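K.L.:
My questions will all concern the structure given below.
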Amino acid sequence: MNLLDMVKEAGIVGAGGAGFPTHVKLESKAEYILLNGAECEPLLRVDQQLMELFPDEIIKGFEAAGKFVGASKALIGIKGKHKKVVSILRDRIQELGLEGFVEVKELPDIYPVGDEQVLVHELTGRVVPEAGIPIQVGCIVVNSETALNMYYASIKEPVTQKYITVTGDIPKRLTVKVPVGTPIIDVLKLSGIENFDNYAVIDGGPMMGPVMSNLDGYVTKKSKGFVILKKDHHLVRKKSVSLEQARRVNRSSCEQCRMCTDMCPRYLLGHETQPHKMMNALNYNLTDIEGQKIAQLCCQCNLCELFSCPAGLYPKSANMYFKDKLAEQNIRYKPKKSEFKVRKSREYRLIPSKRLIARLGLYNFDKPAPMTEVDVNPEFIHISTRQHVGAPAVPIVCVGDYVELGQQIGKIPEGSLGATIHTSISGTIVEIEKDFIVIRRD
Ligand code: SF4
Ligand code: SF4
């Protein structure tokens, strides 16, 4: 079995939050393979600790993937501020005799340096075309936890556990490893809070993660962190605004100052993303479809809404409004050129993470969340059949079956994009629903 088959068998998906099936990335040949260890979402502490705790496994998984796709260089991107981790990685690369192939490159402490397209530029100087993906400029990007999972796949261990940071306005900040399928509430309670009536929870990082409408969900392979804040925190209120409310506010107050565009990371890469134009189109009911297509170039990093706009408006939501309308009509943006150059002003408009954290009102919570061993043993786990990009996994077990930890319980539907799923505990299948397979611990 080659690495691609082992990764497919292990059910690996992008652990950075996107959930794209990793084996599909390995089908391409690339000049560079890039490790995304930027972890640019404020407060999250998973990748930086994994690289410190499991450097050999991550480097080996990354090296194997790099060799498999025929890369001539494997670049690890990590923020230079993590000096200790940078030094550990460099030492281990040398010790493993990989210094000619694997290299650590230090990233600036800016947001969103972990955005795939920003990362590609920071590490290689190349610019991914509009509406494109890194392979178009010879790059494949994998997250650090994904590289760790690839190492485990090579020793026949599938993805059954997930590393998660629990942080925010809580007594105990920590990073834990829990079984996929664990009730989220069990993970949240590790924070030292029992009653969440006065709290809101952001699923993921504070910039891109949504506020959870309820806490009834289950950990998936895509879970990365939970940010727990008081319900009246400014960030929670801002992120809880509906698209319709945002549209009403946007229509009344945009000054067309362009700050949202001038600081947009995709615009600065030389793309046509220009949220101020979407605000204008919204305010004046402009019907120029051609002009609206640039809304599709937004990566939803939220910088314009949570940092750039001096009036506190919702330019990303304006993008989303037009993006949805165009999707309904199946209209797609077509780039007018294939080569892009970053804008000259880019270097002066990069947003330091510290300033962003202060603006978000998270300064007091920007603290360590150390990796901690915890005992989370839920009686029932719910394995989602939809924890990846593509078609849902098809159950290959029946109610009443006994399954062993790590056993495959769902396969990729024939001819579809998808990922296999495995049970994260030993026990009995008690329910098979449309979206979940439920297993009782025995
Ligand atoms: S949305 Fe805000 S930043 Fe953008 S043009 Fe309007 S006022 Fe300026
Ligand atoms: S969310 Fe705003 S800043 Fe981010 S890519 Fe979209 S338009 Fe640009």
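None of the figures in this text is laboratory data; all of them are computed from the coordinates on show. Computed from a predicted model, the values in this text were never measured in an experiment. Using ideal geometry, Cβ is built from the backbone for each residue, glycine included, and neighbour counts are taken over all protein chains shown.
K.L.:
What is the set of long-range amide H partners of Lys79 at a cut-off below 5 Å, with H atoms built 1.01 Å from backbone N?
P.N.:
Amide H neighbours of Lys79, under 5 Å, 5+ apart: Leu107.
K.L.:
Computed over the Cα atoms of the stretch 292-382, what is the convex hull's projected area averaged over all directions, in nm²?
P.N.:
Values: hull surface 46.6 nm².
Its Cα hull, projected and averaged over all orientations, spans 11.6 nm².
K.L.:
Per residue, how big is the convex hull around the C-alpha atoms of the stretch 379-442? Give it to me in cubic angstrom, could you? List each step's numbers first, then the result.
P.N.:
Numbers: hull volume 4.2 nm³, N = 64.
Enclosed volume per residue, from the Cα hull, is 66 Å³.
K.L.:
Which Cys residues of the chain have no other Cys Cβ less than 4.7 Å away and so no disulfide-compatible partner by this rule?
P.N.:
Cysteines of the chain left without a disulfide-compatible partner: Cys40, Cys139, Cys254, Cys257, Cys264, Cys298, Cys299, Cys301, Cys309, Cys398.
K.L.:
Still on this structure, I have one more. For the pair Asn280 and Gln256, how long in nm is the line joining their label points, each one 7 Å along Cα→Cβ?
P.N.:
Taking the simple label geometry, Asn280 and Gln256 are separated by 0.6 nm.
K.L.:
Same structure again: What Rg and what Dmax come out for the stretch 243-350 when only alpha-carbon atoms are used, in angstroms?
P.N.:
Here Rg and the maximum Cα pair distance are 13.3, 38 Å.
K.L.:
Could I ask something else about it? So what J values fall out for the stretch 410-422 if you push phi through Karplus, 6.51 cos²θ - 1.76 cosθ + 1.60 with θ = phi - 60°, rounded to Hz, Gly and Pro as x?
P.N.:
Per-residue couplings from phi come out as x, 10, 6, x, 3, x, 10, 7, x, 9, 6, 10, 9 Hz.
K.L.:
Can you bin every Cα-Cα distance in the chain into 10 Å intervals starting at zero and give me the percent of pairs per bin, rounded to whole numbers?
P.N.:
P(r) over the chain, rounded to whole percents: 4, 20, 30, 29, 15, 3, 0.
K.L.:
Something else about it: So what J values fall out for the stretch 305-313 if you push phi through Karplus, 6.51 cos²θ - 1.76 cosθ + 1.60 with θ = phi - 60°, rounded to Hz, Gly and Pro as x?
P.N.:
Running phi through 6.51 cos²θ - 1.76 cosθ + 1.60 with θ = phi - 60° gives 7, 9, 9, 6, 6, x, 9, x, 8 Hz.
K.L.:
Here's something else I'd like to know. Over the chain, with a Gaussian network built from C-alpha contacts below 10 Å, which listed residue (Glu431, Glu57, Glu157) shows the highest mean-square fluctuation?
P.N.:
Glu431
K.L.:
Sticking with this one: Quote to one decimal, in nm, the extra length available between Glu373 and Arg349 on full extension: 0.36 nm per residue of separation minus the C-alpha distance between them.
P.N.:
4.6 nm
K.L.:
Further, regarding this structure: For Tyr111, enumerate residues with amide H under 5 Å from its amide H, sequence gap 5+ or separate chain, H modeled in the peptide plane.
P.N.:
Amide H neighbours of Tyr111: Ile351, Ser353.
K.L.:
Which loop-located trypsin sites (Lys or Arg not before Pro) does the stretch 355-406 contain, where loop means any DSSP state but H, G, I, E or B and the Cβ has at most 13 other Cβ atoms within 10 Å? Each step should come with its number before you reach the end.
P.N.:
Numbers: sites: Arg355, Arg359, Arg386; in loops: Arg386.
Nothing satisfies the criteria.
K.L.:
Name the lysines eligible as straight-distance cross-link partners of Lys334: C-alpha to C-alpha under 22 Å, and not fewer than 8 places from it in the same chain.
P.N.:
The reachable lysines, counting only those whose Cα sits under 22 Å from Lys334, are Lys277, Lys293, Lys316, Lys323, Lys325.
K.L.:
Mind putting together the pair-distance distribution for the stretch 3-154? All Cα pairs, 5 Å bins, whole percent per bin, short to long.
P.N.:
Reading upward from the zero bin: 2, 10, 21, 25, 23, 14, 5, 0.
K.L.:
Given H placed on each backbone N at 1.01 Å, which residues far from Phe101 in sequence or on other chains put an amide H within less than 5 Å of it?
P.N.:
none
K.L.:
With contacts defined as alpha carbon pairs under 8 Å and 6 or more residues apart, what's the relative contact order of the chain in percent? Write down the numbers at each step before the final one.
P.N.:
On the way: 950 pairs, mean separation 79.0, N = 442.
RCO, the chain: 18 percent.
K.L.:
I would also like to ask the following. How big, in percent, is the set of alpha carbon pairs in the stretch 165-255 lying more than 19 Å apart? Kindly include the intermediate steps, with their values, before the conclusion.
P.N.:
Numbers: 1722 of 4095 pairs.
Percentage above 19 Å: 42.
K.L.:
Can you sort Leu297, Leu350, Leu229 by how many other beta carbons sit within 10 Å, fewest first? Mind dumping the intermediate values first?
P.N.:
Details: Leu297 21, Leu350 16, Leu229 24.
Lowest count first: Leu350, Leu297, Leu229.
K.L.:
Give the cross-link partners of Lys434 among the aspartates and glutamates, using a straight C-alpha distance below 19 Å as the criterion and excluding same-chain residues fewer than 8 apart.
P.N.:
In chain and number order, the partners are Asp216, Asp401, Glu414.
K.L.:
Here's something else I'd like to know. Can you work out ³J(HN,Hα) from phi for every residue in the stretch 277-294, in order, using Karplus 6.51 cos²θ - 1.76 cosθ + 1.60 and θ = phi - 60°, giving whole Hz and x for Gly and Pro?
P.N.:
So the Karplus estimates, Gly and Pro as x, are 6, 5, 5, 5, 4, 6, 5, 10, 6, 5, 10, 6, 4, 4, x, 6, 4, 5 Hz.
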